[in-house]
Amino acid sequence: MLKASGAAAGAAAGIAAVGAPVPAAAAGTGSGAFAHPGLLHTRTDLDRMAGKVQAGAAPYTAGFARLTANRHAQSGWQARPQAVVYRGSGTPENYSLLYNDIHAAYQNALRYHVTGESVHADTAVAVLNAWSATLTAVDGSADRFLAAGLYGYQFANAAELVRDHGDFELARFQEMLAKIFGAMSDDFLARHNGAVVSNYWTNWDLANMACVLATGIFCDDRAQVARAVDYFEHGAGLGAIRNAVPVVYDDGLGEWLEAGRDQGHALLGVGLMGTFCEMAWNQGIDLYGYDDSRFLKGAQYVAKWSLGGQVPFTASTRRKGAVGGWSGSETVTAAAGVDPSMTRPVWAMIANHYTRRRGMPATYVTRIAAKASPEGGGGDYGPNSGGYDQLGFGTLAFTRDRASEGEATASPSPAASVAASASASASASAPGSGASPSAAAKGDDLAATGSGDVVGWAAATGVAALAGGLLLLRKRGRREG
């Protein structure tokens, strides 16, 4: 059977029930408030890590050993803040200074919560304060939007762990995060750097979605959180769940869009979507289970494929280009080759959610998580930026006992109401022409990355038109309702 997929089909599916199972840790701090800490880690999570490590429990101790061995987790780390961060060819790139400092702040903050050693909290705060006092812009080629998305969500997570520290300049950091990182990511999701909506691959959308969500939670901005949730469910771009996983087969595997590109970017995308779902979950919003746990089906596909297994693939043609400008197309006919030894610290979080919190089978995700254990973090997966795209340390942070009945059926926090009103809020609050200058599209740099980072879909069997020129129609292994 042929069936339209993507944003149109996602809209037909409706918004996931707000009352789906969520953790008790997501209880809000007040009426309508967001839970803090409540990005990747809740207070319950942090207490669990500390208690398990103190008790010498495996595999937490192995995960903690990876943290303490990392050079970024040392209290002697010195920040190197810059006024302007550049990423992209043809620019004076210095973004490695930023991501190294972010990972140092996060790792020291996490180490503090496990050990109680205040010197690590002090180090994290010093790094974060130095950047909020110095940074004025993120610039560069189209890659500046990757920098805004990736480092924005990571910055927020590091700061969330020390937001109550007496020396932390919370208001100043919130201003930096919202006006620089959040504004750029919001703009990217609205305009896609002047390109057609399908021009940039899934991971571009997901990085910026993660930044918008994390910034909204950190800054207690309900409208921003609503926009992020709505984009996940109904967005026209390739980070929306039904565009990222456009085909579900009879065996329960969901084809991951970027499997037709390469393994590294597919792993990045799965990690980013897991990050997005985890942050939402910790605010009482269940996106892990959205559309019959579609994300799990995509993660299972990537896990099996990355382990060297055979996966189905539906050929597609990708359209690319600028709005009212140049255009082109590219056909993908098979999943890319893989290196089974390639790994990233993305699997423990996903495996533990589905198998421990929900008691669901996740065979391939479980296998690849075991293979990657104990997970490290930034600095453990090579010196280049790809090794810093995830915060990592999932073995320590996300290993959990099987959820009790109470944890599996707890009511969502007051903040979860953003999911029910996401569509209306997103439309009313979408960024307009008042976006910050740093977020403005640069038409002359679109081709720098757009030519290799583009997707618009068509199939020989027919088409279904969606917003912005994205076309999605793929042969289904089974009917989806």
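Scanning segment 151-177 for residues that are in a helix (DSSP H, G or I) and either within 14 Å of the chain's Cα centre (by Cα) or surrounded by fewer than 20 Cβ atoms within 10 Å (Cβ to Cβ) (or both) gives 151, 152, 153, 154, 155, 156, 157, 170, 171, 172, 175. Look at (1) touching a residue at least 60 places away in the same chain (Cβ under 8 Å); (2) in contact with a helix residue (DSSP H, G or I) (Cβ under 9 Å, 6 or more places away or on another chain); (3) within 20 Å of residue 293 (Cβ to Cβ); (4) open to solvent by 20 Å² or more (accessible area, probe 1.4 Å) and you find that residue 250 fails only one, number (2).
Within segment 355-387, the only residue that satisfies the criterion of being without any contact (Cβ under 8 Å) to a residue 40 or more places away in the chain and on the phi > 0 side of the Ramachandran plot is 382. Is one or more of the residues making up segment 316-338 touching a Lys or Arg at 6+ places or on another chain (Cβ under 9 Å) and either at pLDDT 95 or above or under 30 Å from residue 98 (Cα atoms) (or both)? Yes: one or more hits. Evaluated against (1) closer than 23 Å to residue 267 by Cα; (2) surrounded by fewer than 24 Cβ atoms within 10 Å (Cβ to Cβ), residue 207 falls short on exactly one condition, (2). Is at least one residue of segment 78-87 surrounded by fewer than 16 Cβ atoms within 10 Å (Cβ to Cβ), within 25 Å of the chain's Cα centre (by Cα) and hydroxyl-bearing (Ser, Thr, Tyr)? Among the residues of segment 78-87, not one is surrounded by fewer than 16 Cβ atoms within 10 Å (Cβ to Cβ), within 25 Å of the chain's Cα centre (by Cα) and hydroxyl-bearing (Ser, Thr, Tyr), which makes the answer no. Taking (1) open to solvent by 10 Å² or more (accessible area, probe 1.4 Å); (2) in a loop (DSSP other than H, G, I, E, B); (3) of a type outside the set (S, T, N, Q) in turn, residue 200 satisfies each apart from (1). Scan segment 128-137 and give yes if some residue there is under 19 Å from residue 391 (Cα atoms) and open to solvent by less than 50 Å² (accessible area, probe 1.4 Å), otherwise no. Yes: segment 128-137 contains one or more residues that are under 19 Å from residue 391 (Cα atoms) and open to solvent by less than 50 Å² (accessible area, probe 1.4 Å).
If the condition is being assigned to a strand (DSSP E or B) and open to solvent by 20 Å² or more (accessible area, probe 1.4 Å), then segment 138-150 contributes only 139.
Output the residues belonging to segment 284-329 that are basic (Lys, Arg) and within 20 Å of residue 349 (Cβ to Cβ).
294, 297, 304
Scanning segment 227-239 for residues that are crowded, with 24+ Cβ neighbours inside 10 Å and hydrophobic (A, V, I, L, M, F, W, C) returns 228, 229, 232, 238.
For (1) open to solvent by 20 Å² or more (accessible area, probe 1.4 Å); (2) in contact with a strand residue (DSSP E or B) (Cβ under 7 Å, 6 or more places away or on another chain), each residue gets a yes or a no:
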position: 313; (1), (2): yes, yes
position: 323; (1), (2): yes, yes
position: 334; (1), (2): yes, no
position: 351; (1), (2): no, no
position: 369; (1), (2): no, no
position: 372; (1), (2): no, no
position: 377; (1), (2): no, yes
position: 382; (1), (2): yes, no
position: 394; (1), (2): no, no
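With respect to the conditions (1) farther than 25 Å from residue 279 by Cα; (2) out of contact with any Leu (no Cβ under 7 Å at 6 or more places or on another chain); (3) outside any helix (DSSP H, G or I), residue 97 lacks only one, and its number is (3). Scanning segment 261-311 for residues that are among the charged types (D, E, K, R) and closer than 22 Å to residue 331 by Cα, we see that the one that is surrounded by the most Cβ atoms within 10 Å (Cβ to Cβ) is 261.
When segment 68-94 is filtered for residues that are touching a strand residue (DSSP E or B) at 6+ places or on another chain (Cβ under 7 Å) and either in a helix (DSSP H, G or I) or within 17 Å of residue 137 (Cβ to Cβ) (or both), the ones remaining, listed by number, are 84, 85, 86, 87, 88, 91, 92, 93, 94. Among the candidates 64, 34, the residue that is assigned to a loop (DSSP other than H, G, I, E, B) and at pLDDT 95 or above is uniquely 34. Against the criterion of being open to solvent by 10 Å² or more (accessible area, probe 1.4 Å), under 22 Å from residue 263 (Cα atoms), among the hydrophobic types (A, V, I, L, M, F, W, C) and modelled with pLDDT of 95 or more, residue 362 does not qualify.
The values are calculated or read from the model by the stated rules, or taken from the named source; none is laboratory data. Just so we're clear, the structure is a prediction, and the values are computed from it rather than from any experiment. Counting neighbours? That spans all protein chains shown, and the Cβs are built from the backbone with ideal geometry, glycine included. Just so you know, the surface numbers come from the protein's heavy atoms only, side chains and all, with ligands and any DNA or RNA stripped out. Shrake-Rupley method; radii C 1.70, N 1.55, O 1.52, S 1.80 Å.
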